[in-house]
Amino acid sequence: MAKVMVKLDGIRKQYGETTALSSLSFQVDQGEKIAVIGPSGAGKTTLLNILARIVEPDEGRLEIDDQPAHRYTGRQFAHKVGVIRQQFDLVGSLPVIHNVLAGRLKDWGFFKSCLSFLWPQERHLAVEALARVGLKDKVYEKTAHLSGGEQQRVALSRLLVQRPELILADEPVSALDPARAHDILAMLVKLVEEEQQTLIATLHTVEYAKTYFDRIIALRDGRLYFDLPASEVTDEQLSQLYHLSELNQYVAAH
Amino acid sequence: MWPLIDFHKKNVLTGLMFLVFLSSLLYIDWGPELIHAGGGTSLWQMVKGMFTPDLSGDILLLALVASWQTLVYAVAGMTLAIIFAFGFGTLASGVLAQGSLGRSGLKTFFRGVLGFMRAIHELVWAWLFVAAFGLTPFAAVFAIAIPYGGILGRIFADMLSDVPPQPIRALQAAGASRLQLLIYGYLPLAAADMTSYTMYRFECAIRSSAIMSFVGLGGLGYQIDLSLHDLKYSEVWTFLYFLIGLVIVVDLWSQVIRKRLVA
């Protein structure tokens, strides 16, 4: 049996008056590919930020690979968990190779990182990773000159170099057009499978969730609405999940 | 009633200030001494000098040497200033501190140091250093380096703490330490702004360097001072044109650099 990668127990988070998450509990096995869906404001991003240790939960326990998440040092945690977001995550003024090799910083000392800034170290790692996402010819390009889809692929290469066990993807394709979005998601899932990693992604497009993921966790108003294998999720459940809030949005817009 | 007053409080204040100005006119002694009688002739000579700068070989050579000296002081002073600013500015930005308590302590201390450096004008530093070291180039260089280091350091600190947070958070998530964040995150993100501001300050340093040499340190300001004492306005203008030329050249250079950074 696969080991338990993530274990949430009674996680609660409150922002002033609004409850972002209330007593959320679930478990993720190694190798699972999970899509977190739900209407905006359901708590998807809060959940991901808690998993990434960016946000501290008010209550509850979070275990990553059998250890309380807060026990890890920053560097240890980077070996366990990697994060990819919608955009703006790269340093645009640096060449692509530095943004990719940033995935190695957790293993490099200060001297080696300085040296690498002048003369890229472990260059083959970056070139290999970029080749796997189809950006082999952009190694020394200034990152800001790349298109949105290409920048997301650079972010993927950073994860390839970082090699965490669990990847958290926060709306990884929301800023891209549908063709690009399919591209990036297919690539993300393929790489996760090749590296035998675990993936948790928040998505706002249900279609992507059903195509690329094997388990769907739906949140509504900070609560677990359903947690099912992707193949068992029915259209009716989905329309119910989005129904109320979309109706409200419609009313607000007209 | 109160909301209406609140709404008009700017106008009320403007009106008050205007009244103060009008009443201040009552205290002026509107006699014939108000304007210096001989001033007109001097002014006319100065304007004439503007169109007839002294272009004789001696003066041009002198101006060239003086410009070079002014430029050298400015370059040396700015180089030191950049080093000071980089060190103190990075520390004052707090990006290297670990906890929030350590951060605010570090920030307060180094912001204080930078504040002290720039609170004293470069001309005052020049006088102090001339008194201490005598009329040596060191006096000029340090007189520029210290206040400019203070100004640059303050701006560097602000620029470093204002970088977009997303790339920094992403690097942190990848396991980067504080120093690694500085090299791979903060500095590249702020580099364009920092360079552009440094170039602007370099232009200011040239003007300062010229002015400072009034104290007797040599350079364009010194020559201007000498010629002014002899009432040779055409010479004054030759030196002024050289100063303007220097500033324009630096400005062009900084435009080239800025364009390259933005691209």
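The values are calculated or read from the model by the stated rules, or taken from the named source; none is laboratory data. Keep in mind the model is a prediction, meaning the values are calculated, not measured. Positions of Cβ are generated from backbone atoms using ideal geometry, with glycine treated the same way; all protein chains shown enter the neighbour counts.
Take the residues of the stretch B:157-180 that are surrounded by 23 or more Cβ atoms within 10 Å (Cβ to Cβ) and under 11 Å from residue B:95 (Cβ atoms): which is farthest from the other protein chains (Cβ to nearest Cβ)?
Out of the qualifying residues, it is B:157.
For the stretch A:8-27, check the following and say yes or no: at least one residue is among the acidic types (Asp, Glu), touching a Ser or Thr at 6+ places or on another chain (Cβ under 7 Å), surrounded by fewer than 20 Cβ atoms within 10 Å (Cβ to Cβ) and assigned to a strand (DSSP E or B). Steps first, please.
Just the residues of the stretch A:8-27 that are among the acidic types (Asp, Glu), to begin with: A:9, A:17.
So of that shortlist, the ones also touching a Ser or Thr at 6+ places or on another chain (Cβ under 7 Å) come out as A:9.
Okay, now just the ones that are also surrounded by fewer than 20 Cβ atoms within 10 Å (Cβ to Cβ), so A:9.
Applying the additional criterion that residues be assigned to a strand (DSSP E or B) yields A:9.
Within the stretch A:8-27 (the criterion being among the acidic types (Asp, Glu), touching a Ser or Thr at 6+ places or on another chain (Cβ under 7 Å), surrounded by fewer than 20 Cβ atoms within 10 Å (Cβ to Cβ) and assigned to a strand (DSSP E or B)), the answer is yes, since at least one residue qualifies.
Helices (runs of 4 or more DSSP H) wholly in the stretch A:55-145 with at least 3 residues that are within 14 Å of chain B (Cβ to nearest Cβ) and in contact (Cβ under 8 Å) with a residue 40 or more places away in the chain - which ones? If you could, list the steps in order and put the result at the bottom.
On the way: elements: A:74-80, A:96-101, A:110-118, A:123-132.
Filter on the stretch A:55-145 gives A:74-80, A:96-101.
Here is a list: B:150, B:94. Which entry is within 30 Å of residue B:224 (Cα to Cα), touching a Lys or Arg at 6+ places or on another chain (Cβ under 7 Å) and small (Gly, Ala, Ser)? Steps first, please.
Values: B:94 fails: within 30 Å of residue B:224 (Cα to Cα).
Result of the check over B:150, B:94: B:150.
Check whether at least one residue in the stretch B:242-257 is in contact with a Gly (Cβ under 9 Å, 6 or more places away or on another chain), buried (at least 22 other Cβ atoms within 10 Å of the Cβ), at pLDDT 90 or above and assigned to a helix (DSSP H, G or I), and report yes or no.
yes
Report, by residue number, each residue of the stretch B:92-135 that is out of contact with any Ser or Thr (no Cβ under 7 Å at 6 or more places or on another chain), surrounded by 13 or more Cβ atoms within 10 Å (Cβ to Cβ) and of a type in the set (Val, Ile, Thr).
Across the stretch B:92-135, the qualifying residues are B:113, B:120, B:130.
Residue by residue, here is whether (1) of a type in the set (Asp, Glu); (2) under 18 Å from the mean Cα position of the chain (by Cα); (3) at pLDDT 90 or above; (4) crowded, with 22+ Cβ neighbours inside 10 Å holds:
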| site | (1), (2), (3), (4) |
| --- | --- |
| A:78 | no, yes, yes, yes |
| A:82 | no, yes, yes, yes |
| A:94 | no, no, yes, yes |
| A:100 | no, yes, yes, yes |
| A:121 | no, no, no, no |
| A:139 | no, no, no, no |
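Please go through the stretch B:181-209 and pick out each residue that is aromatic (Phe, Trp, Tyr) and either free of Cβ contacts under 8 Å to residues at least 40 places away in the same chain or within 10 Å of chain A (Cβ to nearest Cβ) (or both). Please lay out each step first, then the result.
Pass one, the stretch B:181-209, residues aromatic (Phe, Trp, Tyr): B:184, B:186, B:197, B:200, B:202.
Matches in the stretch B:181-209: B:184, B:186.
Surrounded by fewer than 17 Cβ atoms within 10 Å (Cβ to Cβ), within 13 Å of chain B (Cβ to nearest Cβ) and over 20 Å from the mean Cα position of the chain (by Cα) - does that describe any residue in the stretch A:163-180?
Checking the stretch A:163-180: not a single residue is surrounded by fewer than 17 Cβ atoms within 10 Å (Cβ to Cβ), within 13 Å of chain B (Cβ to nearest Cβ) and over 20 Å from the mean Cα position of the chain (by Cα).
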